[in-house]
Structure formats: C-alpha cells, structure tokens
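Report on one structure; see the data block that follows.
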Amino acid sequence: MPSLTQVIKMDIEGDKLRCERQAEYGYDTVEVTLPAVISVGDAINEPRYPSLKAIMGAKKKPLETVSAADVGIDASRVGGGNSAAQWVAAKAPPAKSAGEIIEDEDTGETVERIVVWLDERKLI
C-alpha cells in the first residue's frame, strides 16, 4: 500500500490522491492511488477559533444523535470488538539515569573530562 509522510495538503481526484508534502529542501507534489497510508504534518491544520457569539449560539442548537444503521453502516463491521487492530497493552518507558554535572573549576581538566565522557560513548 502506498504511504506518504509529512503531508500538508491533499486533493482527491477519482481513485488518486494528490498530496503536497514537506521535503528537506522545499515541497514535493506526489500522486498515489487509493487506498494509501498518509501521515500529516502540523502545517496541514490551521485551527479556526470560534467567536464568543458563535459559542453562545452553539449552546442553543439541538444535538442530533444518529446510530450506525441511521447512516448506512453495518454495525458488525465497526466498533472496538470488530476492529482489525486490537489494543493489547501499554507500558511506561524506562526511567532515564541521572545526568552528570561537570563543574568548571579548572577549564583544562573540565575539557579533558568531557572528551573522556564523549569518547567512552563513542561520540567522537
């Protein structure tokens, strides 16, 4: 299945999806056939904040509730028990060890300790 990441704009044309995505040095326009897996970047959404008048008006509007059958969806194909993906478990990430603070009492010694620390971790 085709997949795209960092999509900032999408247009559907029949069975094709035209996406604009952020690339390292600008933007790419890519066309894929559906179905496709898309992940979007934060630039895709520019939130619209309602005014106080709109908020107060929304409180007075009736709330309509519909079921899956009301909108023509087979209830045996949707919902947690009928999902193709099932949540199994979650666990906390491992705790990080405390860092080491190197005081700058003698600059030469401090630099040497930092170099040794970086070398032990194969960072230099």
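The values are calculated or read from the model by the stated rules, or taken from the named source; none is laboratory data. This structure is a prediction, so every number in the text was calculated from the model and none was measured. We place every Cβ from the backbone using ideal geometry, glycine too, and count neighbours over all the protein chains shown. These area figures cover heavy atoms from the full protein model, side chains too; ligands, DNA and RNA do not enter into them. Shrake-Rupley method; radii C 1.70, N 1.55, O 1.52, S 1.80 Å.
Structure values in brief
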quantity: Label-point gap, in nm, between E112 and T33 - each point 7 angstrom along Cα→Cβ; calculated: 6.7
quantity: Phi-based couplings in Hz for region 84-91 (Karplus 6.51, -1.76, 1.60; Gly and Pro marked x); calculated: 6, 10, 10, 6, 9, 6, 9, 9
quantity: Principal-axis tilt of helix 107-120 within the chain, Cα atoms, nearest 10 degrees; calculated: 60
quantity: Shape call, region 34-124: gyration tensor on alpha carbons, a/c limit 1.5; calculated: prolate
quantity: Spacing of the two label points (7 Å from each Cα toward its C-beta) at E100 and M56, in nm; calculated: 6.3
quantity: Anisotropy class of region 1-79 from Cα gyration tensor, a/c 1.5 cut; calculated: oblate
quantity: Reach of K122 by Cα under 20 Å, taken over lysines that are not fewer than 8 positions away in the same chain; calculated: K96
quantity: Apportionment of accessible area to carbon and sulfur, the chain, percent (1.4 Å); calculated: 55
quantity: Nearest-20 debye value, the chain charge dipole, Cβ charges on Lys, Arg, Asp, Glu; calculated: 1200
quantity: Accessible area in square angstrom per residue, region 1-62, 1.4 angstrom probe; calculated: 84
quantity: In order through region 19-27: 3J(HN,Hα) via Karplus (6.51 cos²θ - 1.76 cosθ + 1.60), integer Hz, x for Gly, Pro; calculated: 10, 10, 10, 6, 10, 4, 10, x, 10
quantity: Candidate lysines for bridging to K53, where Cα separation is under 25 Å - those fewer than 8 sequence places away on the same chain excluded; calculated: K61
